[in-house]
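The values are calculated or read from the model by the stated rules, or taken from the named source; none is laboratory data. If you're wondering where the values come from, they're calculated on a predicted model, not measured in any experiment. Glycine gets a Cβ as well: all are built from the backbone with ideal geometry, and neighbour counts include every protein chain shown.
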């Protein structure tokens with residue numbers, strides 16, 4: 001097979017179970033999905049059913065995609081703030097394709113974020129308008145191309161397409177106006193007084209009857225997927241196929257993250273981030289080409305592996321080279337940072353009203369880290385290692401107060417002055433007092449650790465403890481934290 005064109009379709013917020021051939025065929029709540037365009041691609045595709053993202057937000061997930069590495073190395077960890085850009089030490093996928101003689105093209109609906117973080121390093125041609133992108137295609141001559149396309153149609157607001165020129169959004173306005181009318185009696189656009197689709201969405205999800213609940217938003221989310229499949233996705237594919245040699249093209253379809261439980265404290269809160277839930281981290285991945293046959297790979301993969309799969313196809317352009325691919329480390333890592341000013345200090349809905357482009361680095365704290373193997377999953381909240389390492393004992397009152405404030409402010413737990421004084425004293429003490437700290441921590445806050453073994457019957461208690469310590473040490477190693485992992489893990493075990 002001769003590969004002239006590699007096309008990446010990154011469908012923002014598309015869940016893994018919302019494409020054909022997934023659990024949608026068995027789950028009654030997903031039977032109203034109708035995606036014939038995606039279905040046609042999957043007839044000649046390798047479907048990777050067990051792929052997970054490294055993040056629940058777009059910039060860090062795409063940084064992992066383009067570099068094939070995790071956040072501690074590529075340095076895009078938070079959602080967005082001024083000044084943080086992709087590490088220059090790592091070669092991006094676009095730079096790799098350029099070195100192989102490919103022309104590189106990028107289209108994204110989030111150009112301001114991609115440019116600010118330097119995620120598009122290595123792309124020769126960049127666009128954020130459908131019409132200009134399609135016009136550029138008419139100038140293409142027969143040559144090798146790497147094409148990256150990032151579309152926000154499935155993202156909030158559901159059922160709304162950023163492409164007003166090619167997609168009719170009247171159904172979105174009718175649906176949302178109707179829902180608002182049912183809730184508070186206001187009728188029509190003039191009475192509601194909101195024309196902007198994003199402001200309208202924020203008003204809708206904050207209605208008392210909605211509150212960003214899964215039961216209210218999931219039907220809209222699925223309707224948006226159906227609309228995208230028969231609309232903008234089909235339009236992009238049609239225009240591409242007019243200007244490339246389809247028989248020599250490999251198409252990757254995936255998402256940066258899914259959509260689902262966004263809050264550990266509110267299981268019904270439906271969006272993405274900062275909680276590292278499975279329905280948000282689990283992403284679809286299909287690799288399609290006219291010469292491919294249907295194949296299913298159920299091995300555990302990361303979004304980083306998409307980077308390596310593309311390189312493998314260039315070096316060995318056969319389907320057999322990717323069918324049996326598996327993650328070389330046999331684990332995947334994910335993390336999330338949260339802004340101190342938003343959801344978990346007010347309400348989840350207010351988080352999405354906060355203007356992200358003015359955030360600063362100091363606004364963020366690490367919220368969750370997760371490591372997953374084929375049979376286990378370990379999730380850490382905040383930085384529990386700070387309270388157990390002999391290298392990081394809190395010896396100063398100022399540092400102790402600051403640490404206490406950072407941890408306790410993440411949840412709305414109430415501490416009276418006496419409790420606060422006691423916790424500060426504990427933080428000043430030696431390692432043997434740390435168990436007392438954790439007891440108070442468990443009683444007043446959410447558990448900072450969750451360890452899940454998918455099939456506990458195959459492991460003894462001792463084996464489970466060893467697995468836990470191994471996973472904990474792996475998280476510390478990924479984050480370059482030099483601590484005594486065995487001592488830390490034994491103290492944190494529950």
* To do: Would you confirm whether any residue within the stretch 122-134 is assigned to a helix (DSSP H, G or I), in contact with a helix residue (DSSP H, G or I) (Cβ under 6 Å, 6 or more places away or on another chain) and either closer than 20 Å to residue 11 by Cα or at pLDDT below 95 (or both)?
  => yes
* Asked: Can you find a residue in the stretch 134-147 that is without any contact (Cβ under 8 Å) to a residue 40 or more places away in the chain, on the phi < 0 side of the Ramachandran plot and in contact with a strand residue (DSSP E or B) (Cβ under 7 Å, 6 or more places away or on another chain)?
  -> yes
* Is there a residue being in the same structural domain as residue 164 (by TED's automatic domain parsing), over 26 Å from residue 282 (Cβ atoms) and in a helix (DSSP H, G or I) anywhere in the stretch 48-59? -> no
* **Odd one out for residue 20, checked against (1) more than 26 Å from residue 274 (Cα to Cα); (2) within 23 Å of the chain's Cα centre (by Cα); (3) touching a residue at least 60 places away in the same chain (Cβ under 8 Å)** => (3)
* Pair list, Cβ < 6 Å and 6+ apart or interchain, from the stretch 185-210 residues that are within 19 Å of residue 153 (Cα to Cα) to residues that are assigned to a helix (DSSP H, G or I) and at pLDDT 85 or above -> 200/176; 204/176
* Residues within the stretch 23-47 that are farther than 10 Å from residue 286 by Cβ, in contact (Cβ under 8 Å) with a residue 24 or more places away in the chain and in contact with a helix residue (DSSP H, G or I) (Cβ under 8 Å, 6 or more places away or on another chain), tallied -> 8
* Might you let me know whether the stretch 104-118 holds any residue that is in a loop (DSSP other than H, G, I, E, B) and within 29 Å of residue 295 (Cβ to Cβ)? => no
* **Filtered residues of the stretch 135-156 (kept if touching a helix residue (DSSP H, G or I) at 6+ places or on another chain (Cβ under 7 Å) and either assigned to a helix (DSSP H, G or I) or at pLDDT 95 or above (or both))** => 137, 146, 149, 151, 153, 154
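Okay, residues lined up against (1) modelled with pLDDT of 90 or more; (2) surrounded by 15 or more Cβ atoms within 10 Å (Cβ to Cβ):
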{"position": "162", "(1), (2)": "yes, yes"}
{"position": "178", "(1), (2)": "no, no"}
{"position": "189", "(1), (2)": "no, no"}
{"position": "205", "(1), (2)": "no, yes"}
{"position": "214", "(1), (2)": "no, yes"}
* **Within the stretch 231-248, tally of residues that are in a helix (DSSP H, G or I) and within 20 Å of residue 131 (Cβ to Cβ)** => 12
* **Any chance residue 105 is over 27 Å from residue 326 (Cβ atoms) and either in contact (Cβ under 8 Å) with a residue 40 or more places away in the chain or surrounded by fewer than 18 Cβ atoms within 10 Å (Cβ to Cβ) (or both)** => yes
* To do: Identify, by number, the condition in (1) in contact with a helix residue (DSSP H, G or I) (Cβ under 9 Å, 6 or more places away or on another chain); (2) within 24 Å of residue 335 (Cβ to Cβ) that residue 103 doesn't meet.
  => (2)
* Among (1) modelled with pLDDT of 95 or more; (2) surrounded by fewer than 20 Cβ atoms within 10 Å (Cβ to Cβ) - the single one residue 92 does not satisfy -> (2)
